[in-house]
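Each remark here refers to the structure printed beneath this line.
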Amino acid sequence: MILPNEKNSFHAQHSAIGAHSSFTLGMHGAPGGLALEKGQPADGAVYVGTIVDEHITVLPFFEHMNNSEIARFDHQNQPETCHDALTVIEGKDITRDYRFASDHFITEDLRLEIISPFGDLPDPATTDRAENKRAACPVVFAKLTVDNRQGTQTKTALFALGEHGCPMPVHEPGKFTGFLFGNGNLGFATDAEVEPLQTFDLSKAKKPDGTQLVPRFGGSYGFMMDVPAGEQREMHISLATYRAGTATLGLEMPYWYTRYFSSLRDVLEYGLEHKDWYYQQAAQRDAELEAASLNDAQKFLIAHASHSYYGSTQWFDDSGKPFWNVNEGEYRMHNTFDLTVDMLFYEMRYSPWTVKNVLETFIHRYSYYDQVRLPGSDNTYPGGISFTHDQGNHNNFSPEGYSSYEISGIDRRCFSYMTHEQLVNWVCCTGVYVSQSQDQAFLTRHLKTVKDCYQSMLNRDHPAPAQRNGVMGCESSRCNGGGEITTYDSLDTSLGQARNNLYLAVKSWAAYLALAELFQQAGEHTLAAEATASAQLCARTISGKWDDTLGYIPAVFEDDNRSAIIPAIEGLVFPQVMGLQDALALDGPYAEFIGILKRHFESIFKPGVCLYPDNGWKLSSTADNSWMSKICLSQYVARSVLGIDFGEQQVAHDQAHMDWQIFGSTFNACSDQFSSGKAMASLYYPRIVTNILWLTEA
């Protein structure tokens, strides 16, 4: 979609699948460029423009920086700046066309397209080597078009990077010209007929006689391509990363792409040779989103989320078997489970095998068995299986059964255990995976784990069966006297506390439904009936918490809590995508429960309670802290499950959330955690792809 000029300055990630790399640019006057395994934009510069005579005009994708030649070497001269030596195109003169798998910057005489192709990611177990190689190639593309058809003299197209480190020029006759840097981990190349450029000062890129000085350690480097008067020419550039050998610790693995590519040069050459296929794949995704009957703000949010998701992905080789990992944005934690459960819908659309891969990693390496205790008591009782919050961080995998986040001995604060939440997450993910994939072999293989999960949920309700109400009432022994939290770890009690929490209770109801469906498919009819009874009990308990005085269900069922929360409805998404429509019907077996949740939402969804003045959604009435991923998910539930029509206000909500990303997270690309529209944490984040659910509505 074409963005208004006042909204065209923001960073976006452009990333290969599974490489944890990004070519980040788009914010005017800001650093960016190509980076590997970095939870934020690169610190470099991107120079794209034209040269006429000695005059250079460029897009504004770099900071004001010192001229490195004069500042470091020519001490007798006063410092100059590269910025002052160039004519920088103003934002009002740039048209930005932002799409699902591409990003276009258009001026009067040039067009820069950044192309980050993606699509159905093939299952390595069922596809051949050629298809795996194509999918795993860690490359994205830039396409620079300079239009000189109305000109009367030659223009020179310029594409260069700066401040990325000292590069090694490479030239493969008849194949490509390029630069390698970052210890050979990053590089870019073109198959066009170009003159390579390497200089301290771009203002001296081309001398009047057409020649240039090339200091081999100059800080700016790239390509120049002459475009004669009356012609239009294109320059295709592959931008790639490559990390050879073992890339991780704790669980030592190389990247999957190293099975098919021996070096960065190999990747750059392969990308250029196959660019037409990649361009076609990106065009298919662009057309997919463009055809959807969504408003422009919704399309923007879907595209922005997808770009950031792939920037956090890693596809490793675990002794010949694929290992899928999604980093938690700026935090770089591995497969954080409360992100996995939200990215589930996106991955089931484009890469279902990665869902299975992550779920099995949690079973085999990151599950544990504990005991439980009632609040205020030191006595312990049988607990059961659960799963860790994450699997490590910064390419370091945690010991088996432990995350890098959770700490014992603290009471319901950041870094507390999330035992019940992650148990429910595994059940809900498995329910969705099996229902949508029909992978009965997976269910058969892990039926014992499914049974253990059911017993674990019962035990976390109450040790005495007669006193169970379907809602979490016990704390894990791993808390060591403290209490558990939810994924909303930095919020107040309304969403932060796990025990007797409305959000987690509804999600537990969904988990009981998922267990009943899994048991039914496995032929375990007695257990299916028992899990159904647990779901019914949970629904009755939640419905009974309706407060006529408040006009809604309080967020926590204890301590006279009066907070109102939108995520009360979040858990309804799981039976919806599993196809369990009877459970969601207003005249079905849970009619009272669904009706009360709808009344709850309609009662609190108003200004001053759960709606910001700018029409953005406020997840909790008592905390100025909202996650974009959860807003997107709750929007889907409200519309598609509860049948709420927001009318003309829908566009106002979406525009507000779009502005949060563009103005509130300008530098950090797609971010998740906002306070009054300003990104405060969870930056450069993958989780917002929950909004892929909107495409199923469209």
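The values are calculated or read from the model by the stated rules, or taken from the named source; none is laboratory data. Only a predicted model underlies this, so the values are computations on that prediction, with no experimental measurement involved. In this analysis, Cβ positions are derived from the backbone assuming ideal geometry, glycine residues included, and neighbour counts consider all displayed protein chains.
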Please go through region 231-243 and give me each residue that is closer than 15 Å to Thr156 by Cβ and in a loop (DSSP other than H, G, I, E, B), ordered by number.
Glu231
Residue check, Leu611 over 25 Å from Ala510 (Cα atoms) and of a type in the set (A, V, I, L, M):
yes
Restricted to region 588-614 and to residues being within 19 Å of Asp492 (Cβ to Cβ) and assigned to a loop (DSSP other than H, G, I, E, B), the residue modelled with the lowest pLDDT is Gly608
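Taking region 483-537 as the region of interest, how many residues are over 17 Å from Asp461 (Cα atoms), in contact (Cβ under 8 Å) with a residue 60 or more places away in the chain and of a type in the set (Gly, Ala, Ser)?
Of the residues in region 483-537, 5 are over 17 Å from Asp461 (Cα atoms), in contact (Cβ under 8 Å) with a residue 60 or more places away in the chain and of a type in the set (Gly, Ala, Ser).
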When restricted to Asp614, Asp672, Asp659, Asp624, the only residue charged (D, E, K, R), under 21 Å from Gln13 (Cα atoms) and touching a Ser or Thr at 6+ places or on another chain (Cβ under 9 Å) is Asp672
Return only the number of the condition from (1) within 17 Å of Ile553 (Cα to Cα); (2) polar (S, T, N, Q); (3) within 29 Å of the chain's Cα centre (by Cα) that Thr486 does not satisfy.
(1)
Going by what's in this entry, would Trp617 be described as among the aromatic types (Phe, Trp, Tyr), out of contact with any helix residue (DSSP H, G or I) (no Cβ under 6 Å at 6 or more places or on another chain), crowded, with 17+ Cβ neighbours inside 10 Å and at pLDDT 95 or above?
no
Could you list, in sequence order, all residues of region 412-465 that are among the aliphatic types (A, V, I, L, M), surrounded by fewer than 23 Cβ atoms within 10 Å (Cβ to Cβ) and assigned to a loop (DSSP other than H, G, I, E, B)?
Ala464
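Residues being among the charged types (D, E, K, R) and either crowded, with 21+ Cβ neighbours inside 10 Å or in contact with a Leu (Cβ under 7 Å, 6 or more places away or on another chain) (or both): count how many of those fall in region 290-317.
Count: 1.
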Run Gly376 past the list (1) surrounded by fewer than 22 Cβ atoms within 10 Å (Cβ to Cβ); (2) small (Gly, Ala, Ser); (3) within 25 Å of Tyr242 (Cα to Cα) and report the number of the one that doesn't hold.
(3)
Across region 8-55, which residue is surrounded by the most Cβ atoms within 10 Å (Cβ to Cβ) among those that are among the hydroxyl-bearing types (Ser, Thr, Tyr) and part of a strand (DSSP E or B)?
Ser22
Which listed residue, of Lys618, Lys606, is in the same structural domain as Tyr512 (by TED's automatic domain parsing), closer than 26 Å to Leu339 by Cβ and basic (Lys, Arg)
Lys618
If you scan region 371-401, which residues turn out to be in a strand (DSSP E or B) and either outside the structural domain of Val427 (by TED's automatic domain parsing) or of a type in the set (Val, Ile, Thr) (or both)?
Val372, Ile385
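Does Glu269 satisfy the condition of being touching an Asp or Glu at 6+ places or on another chain (Cβ under 8 Å) and surrounded by fewer than 24 Cβ atoms within 10 Å (Cβ to Cβ)?
Considered against the rule, which asks whether it is touching an Asp or Glu at 6+ places or on another chain (Cβ under 8 Å) and surrounded by fewer than 24 Cβ atoms within 10 Å (Cβ to Cβ), Glu269 comes out as yes.
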How many of the residues making up region 272-283 are surrounded by 15 or more Cβ atoms within 10 Å (Cβ to Cβ) and within 30 Å of Leu695 (Cα to Cα)?
7
Condition met for Glu131 (in the same structural domain as Phe23 (by TED's automatic domain parsing), among the acidic types (Asp, Glu) and at pLDDT 90 or above):
yes
Identify, from the list Ser408, Ser404, the residue that is small (Gly, Ala, Ser), assigned to a loop (DSSP other than H, G, I, E, B) and under 21 Å from the mean Cα position of the chain (by Cα).
Ser404
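Provide a single number: the residues in region 56-65 that are part of a strand (DSSP E or B) and either of a type outside the set (Ser, Thr, Tyr) or crowded, with 24+ Cβ neighbours inside 10 Å (or both). If you could, list the steps in order and put the result at the bottom.
Taking region 56-65 as the starting set, the residues that turn out to be part of a strand (DSSP E or B) are 56-58.
Retained after the next criterion (residues that are either of a type outside the set (Ser, Thr, Tyr) or crowded, with 24+ Cβ neighbours inside 10 Å (or both)): 56, 58.
Residues flagged as part of a strand (DSSP E or B) and either of a type outside the set (Ser, Thr, Tyr) or crowded, with 24+ Cβ neighbours inside 10 Å (or both) within region 56-65 amount to 2.
A quick yes/no check of all residues on (1) within 24 Å of Thr622 (Cα to Cα); (2) surrounded by fewer than 24 Cβ atoms within 10 Å (Cβ to Cβ):
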| site | (1), (2) |
| --- | --- |
| Phe646 | yes, yes |
| Phe663 | no, yes |
| Tyr685 | no, no |
| Ile688 | yes, no |
| Asn691 | no, no |
When you go through Phe337, Phe442, Phe362, Phe345 one by one, which is the residue that is under 21 Å from Trp256 (Cα atoms) and touching a residue at least 60 places away in the same chain (Cβ under 8 Å)?
Phe362
Please verify whether region 635-657 includes one or more residues that are closer than 21 Å to Tyr98 by Cβ, aromatic (Phe, Trp, Tyr) and either in a loop (DSSP other than H, G, I, E, B) or touching a Cys at 6+ places or on another chain (Cβ under 9 Å) (or both).
no
Output the residues belonging to region 237-251 that are surrounded by fewer than 24 Cβ atoms within 10 Å (Cβ to Cβ), polar (S, T, N, Q) and in contact with a strand residue (DSSP E or B) (Cβ under 7 Å, 6 or more places away or on another chain).
Thr248
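Quick one: is Ala568 on the phi < 0 side of the Ramachandran plot, assigned to a helix (DSSP H, G or I), modelled with pLDDT of 95 or more and buried (at least 17 other Cβ atoms within 10 Å of the Cβ)?
The answer is yes for Ala568.
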Residue, surrounded by the most Cβ atoms within 10 Å (Cβ to Cβ), within region 170-204, restricted to residues that are modelled with pLDDT of 85 or more and of a type in the set (Asp, Glu)
Asp191
